[in-house]
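Q: What follows is a single structure, and I will ask about it in a moment.
The values are calculated or read from the model by the stated rules, or taken from the named source; none is laboratory data. It should be emphasised that the depicted structure is a prediction, and the values quoted were computed from it without experimental measurement. Cβ placement follows ideal geometry from the backbone for every residue including glycine, while neighbour counts extend to all protein chains displayed.
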């Protein structure tokens, strides 16, 4: 690639991708930066025959190509230009880091937006070490790309204290960060710890909301 600066968007057909594409297109039109759209094919985690493995890999590549073309069509319609398309095979975080290392001029839209708001953010980092660094106190928070990447270490470190918070709602919504425990509930053996923490978190968020509303009116 040239010395031009790029904006990177991950194609995964999620609602978050739609938002990232909108922001990337807006930034591209404002700064004349080109957009790179990347799709990642992770290694298969099942043991099967070579023929079946090839079929599954081909299906994964077809799905990745569909995601790329869908995202590219949005960029083309918004900016008038086709983005740079990339398919990477391997663990998503390692491949993303490799892509960014190869192209130092890539800008991650979410990170750029956070920095413009004064938030100190770094990354991306491999998921096998980042949560340990967070536990050591190096980071205030970790943003994960998908559910299991974050929930495995979270439940390992604080199963009885973890709280689920739904963002983007007009109301405060928290809940225990685990299932219903149908096997324990009839015997009154389920721990209420996570529910208690969820209630405390909701109250804390409500107090902060009231304080912020009061400062806005002042």
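Q: If residue 77 satisfies every condition in (1) surrounded by 14 or more Cβ atoms within 10 Å (Cβ to Cβ); (2) assigned to a helix (DSSP H, G or I); (3) outside the structural domain of residue 151 (by TED's automatic domain parsing) but one, which is the exception?
A: That leaves (1) as the condition not met.
Q: Consider the range 87-96. How many of its residues are under 10 Å from residue 38 (Cα atoms) and surrounded by fewer than 18 Cβ atoms within 10 Å (Cβ to Cβ)?
A: Counting residues in the range 87-96 that are under 10 Å from residue 38 (Cα atoms) and surrounded by fewer than 18 Cβ atoms within 10 Å (Cβ to Cβ) gives 2.
Condition check ((1) surrounded by 10 or more Cβ atoms within 10 Å (Cβ to Cβ); (2) outside the structural domain of residue 209 (by TED's automatic domain parsing)) across all residues:
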{"position": "139", "(1), (2)": "yes, yes"}
{"position": "165", "(1), (2)": "yes, no"}
{"position": "169", "(1), (2)": "no, no"}
{"position": "180", "(1), (2)": "no, no"}
{"position": "184", "(1), (2)": "yes, no"}
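Q: Mind telling me which of the residues 29, 66 ends up being modelled with pLDDT of 85 or more, touching a helix residue (DSSP H, G or I) at 6+ places or on another chain (Cβ under 7 Å) and at negative phi?
A: 29
Q: Also, I was wondering about something else. How do the helices (runs of 4 or more DSSP H) wholly within the range 88-194 filter down when requiring 3 or more residues that are more than 29 Å from residue 22 (Cβ to Cβ): which remain?
A: By residue number, 127-135, 147-158.
Q: Considering only residues that are more than 16 Å from the chain's Cα centre (by Cα) and not in a loop (DSSP other than H, G, I, E, B), look in the range 3-21 and name the one that is surrounded by the most Cβ atoms within 10 Å (Cβ to Cβ).
A: Only one residue tops the list, namely 7.
Q: Could you identify the single residue in 108, 99 that is closer than 16 Å to residue 12 by Cβ, under 13 Å from the mean Cα position of the chain (by Cα) and surrounded by 16 or more Cβ atoms within 10 Å (Cβ to Cβ)?
A: 108
Q: Only one of (1) at pLDDT 90 or above; (2) more than 26 Å from the chain's Cα centre (by Cα) fails for residue 201. Which number is that?
A: Of the numbered conditions (1) at pLDDT 90 or above; (2) more than 26 Å from the chain's Cα centre (by Cα), the odd one out for residue 201 is (2).
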